[in-house]
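> This is the structure I have questions about; it appears just below.
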Amino acid sequence: MGLSQWFSTQLEASADGFVWGVEQIPKERLYAPPPGPEGGLGEWVAARHAFHLLYYEREVALPAMQHWLGGPNPSLDDYDEDVAWQNAPDLPTILREFHQVRAAQIALLPRIDETRWHEARETLWGSVTLRWVVSKTYQHTAEHINDVLRIALFWDLFANRDLQRQQQERTSDETA
């Protein structure tokens, strides 16, 4: 199996895995700050993880792949995710657009010959190969799959720990 086929399979499966992970989070928690101490489940709401993946892949990952096929080298000059998040569409739209951007990436893969995968170019990350760029996209998706599944799986655990800690603090204050 060549790199194009391997990445096609992995990019499709990881996109599906990310969306599935988001769908495991109850609707009332999708826009709620996760419980727990700083760093426990992260600072972002689940919907922000989805928007971040969409924005990064639309503005950076896809243009970076297109660069190897004759497109311009992407720039971060107009990259402002925080401002874009303020005007983000609803979560179903975000996830649909994420799938569309990912499908556009996958559609490029058959056009990449084996030698181009190993050709280094100057990019936002320094001099890297196309194989590195697409591997970064895969890694980034896996990272956010982990983030949303941690929210889905461990929300109650962290919320209960917060409640216990608050109760202990109140008890300590009352006995002091």
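The values are calculated or read from the model by the stated rules, or taken from the named source; none is laboratory data. Source: prediction; values computed, not measured. When we count neighbours, we look across all protein chains shown, and the Cβ atoms used for this are built from the backbone with ideal geometry, even at glycine.
> Please list, ordered by first then second residue, the pairs with beta carbon atoms under 7 Å, 6 or more apart or interchain, first in the stretch 50-69 and part of a helix (DSSP H, G or I), second among the basic types (Lys, Arg).
Glu57/Arg102; His67/Arg121
> How many residues does the stretch 110-134 contain that are in contact (Cβ under 8 Å) with a residue 40 or more places away in the chain and not in a strand (DSSP E or B)? Break it down stepwise before answering.
Initially, the stretch 110-134 is screened for residues in contact (Cβ under 8 Å) with a residue 40 or more places away in the chain, giving 110-112, 114, 116-117, 119, 121-124, 130-131, 133-134.
Checking the rest, the ones that are also not in a strand (DSSP E or B) come to 110-112, 114, 116-117, 119, 124, 130-131, 133-134.
Of the residues in that region, 12 qualify.
> Condition first: of a type in the set (S, T, N, Q), surrounded by fewer than 16 Cβ atoms within 10 Å (Cβ to Cβ) and at pLDDT 95 or above. Now tell me which residues in the stretch 105-147 satisfy that.
Ser127, Ser135, Gln139, Asn146
> Here is a further query. Determine whether Pro35 is crowded, with 19+ Cβ neighbours inside 10 Å and either at pLDDT below 95 or touching an Asp or Glu at 6+ places or on another chain (Cβ under 6 Å) (or both).
yes
> Of everything in the stretch 49-89 that's modelled with pLDDT of 95 or more and of a type in the set (S, T, N, Q), which residue is surrounded by the most Cβ atoms within 10 Å (Cβ to Cβ)?
Gln66
> Now for a separate question. For the stretch 90-104, which residues satisfy the criterion of being over 15 Å from the mean Cα position of the chain (by Cα) and either assigned to a helix (DSSP H, G or I) or surrounded by 12 or more Cβ atoms within 10 Å (Cβ to Cβ) (or both)?
The answer is Pro92, Thr93, Ala103, Ala104.
> Keeping to the stretch 13-42, report how many residues are without any contact (Cβ under 8 Å) to a residue 40 or more places away in the chain, among the aliphatic types (A, V, I, L, M) and assigned to a helix (DSSP H, G or I).
Adding up the residues that qualify gives 1.
> Give the stretch 129-153 a look and list any residue that's hydrophobic (A, V, I, L, M, F, W, C) and within 18 Å of Gly70 (Cβ to Cβ), or say none.
Leu130, Val133, Val134
> Report, ordered by the first and then the second residue, all pairs with beta carbons closer than 6 Å, sequence separation of six or more or different chains, a first member in the stretch 76-96 that is more than 20 Å from Val148 (Cα to Cα), and a second member that is in a helix (DSSP H, G or I).
From residues that are more than 20 Å from Val148 (Cα to Cα), the pairs are Tyr79/Glu59; Ala84/Tyr55.
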